[in-house]
Amino acid sequence: MLNRAILNTFQNLVVNLHIIFKAWYIFSQRDLKMILDAVEAKKKFYLYTGRGPSSETMHLGHLIPFIFTKYMQDAFDVPLVIQLTDDEKFYWKNLKLEEANRLAYENTKDIIACGFDVNKTFIFSDLDFAGSCKEFHKNVLKIRKSVTFNQVRSIFGFTDSDPIGKISFPAVQAAPSFSNSFPQIFGERHDVPCLIPCAIDQDPYFRMTRDVAPRLGYLKPALLHSTFFPALQGAKTKMSSSDPNSSIFLTDTRLR
Ligand code: TYM
């Protein structure tokens, strides 16, 4: 959990504690201490977050990890990679590949509007980058070889009738956690620590990633989890693009 002690260490390293922290929206962490130790030792880390482009625009809930990531990039002046999983939405939703890719570009406009440092931010679609970058692809293959069907079935609940695309996808979401997936940023270095801000629903991907990392000789990624921004239906539900009535989208018009 994110306890007072680790929050105090964090607070000593930043100028202001973000309201998302103060309101305990970020409620849990994995290995945050590794990142804080790196900062104290004047070593760099990098941030990794993402979006699965399933709708024309993002909703207010999606902004929580992105606003928080922007705060972290400003506070620590570090590189950031943002993955748009058009391949994931092609497998999971009733979307043509070209349409999922188009949505990735539409959602990128919302992401850019958060104001990330243009010189330190790499935003990529899986379709356009993950398939064409040899080093990224090598990591995907290594992860796929190290995780069994049994493991992904128990983590993600896959069944015998799921397409093999779904079963092999988690390796693609795991690969950006390892710095040598991005040779244009980190060269051959595989030891730059990674911190992933996301809501708690993404944790299964990164439990798998953390499990496999030592077997590949890589560092486990650290995580900061946020809770869910509620749906319009009430505090106990989650704002979700699958139910447009639950969400305020970034392109919705103002009520007069
Ligand atoms: P996606 O598109 O479902 O969600 C994007 C990010 O928003 C978070 N999120 C929320 N946060 C607060 N309140 C909500 N109601 C809410 N709904 C969604 C998600 O946890 C996520 O952080 N597979 C991923 C894309 C992805 C990714 C990543 C996300 C690829 N690599 C690395 C985070 C980190 C997805 O479909 O996210």
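The values are calculated or read from the model by the stated rules, or taken from the named source; none is laboratory data. Just so we're clear, the structure is a prediction, and the values are computed from it rather than from any experiment. No Cβ is skipped: glycine too gets one built from the backbone with ideal geometry, and neighbour counts run over all protein chains shown. Side chains included, ligands, DNA and RNA excluded: accessible areas come from the protein's heavy atoms. Shrake-Rupley method; radii C 1.70, N 1.55, O 1.52, S 1.80 Å.
Odds and ends about this structure:
- Qualifying residue in segment 58-73 (condition: in a loop (DSSP other than H, G, I, E, B) and over 17 Å from His225 (Cα atoms)): yes
- Once segment 180-203 is narrowed to residues that are of a type outside the set (S, T, N, Q) and surrounded by fewer than 16 Cβ atoms within 10 Å (Cβ to Cβ), the residue that is nearest to the ligand (Cβ to nearest atom) is Asp201.
- Extreme residue, most open to solvent (accessible area, probe 1.4 Å), among residues of segment 12-56 that are within 13 Å of the ligand (Cβ to nearest atom) and out of contact with any strand residue (DSSP E or B) (no Cβ under 9 Å at 6 or more places or on another chain): Ala23
- Considering segment 78-116, and only residues there that are of a type in the set (D, E, K, R) and touching an Asp or Glu at 6+ places or on another chain (Cβ under 8 Å), the residue that is surrounded by the most Cβ atoms within 10 Å (Cβ to Cβ) turns out to be Asp86.
- Selection within segment 74-96 - in contact (Cβ under 8 Å) with a residue 12 or more places away in the chain, charged (D, E, K, R) and part of a loop (DSSP other than H, G, I, E, B): Asp77, Lys93
- Pairs with Cβ under 6 Å, 6+ apart, first in segment 116-131 and over 26 Å from Glu99 (Cα atoms), second part of a loop (DSSP other than H, G, I, E, B): Lys120/Pro79
- Every listed requirement among (1) open to solvent by 20 Å² or more (accessible area, probe 1.4 Å); (2) within 15 Å of the ligand (Cβ to nearest atom); (3) more than 22 Å from Cys194 (Cβ to Cβ) is met by Tyr71 save one, (3).
- Condition check for Gly187: closer than 23 Å to Val81 by Cα and at pLDDT below 95: no
- Restricting segment 216-256 to residues that are surrounded by fewer than 18 Cβ atoms within 10 Å (Cβ to Cβ) and within 17 Å of Tyr205 (Cβ to Cβ), the residue that is farthest from the ligand (Cβ to nearest atom): Leu216
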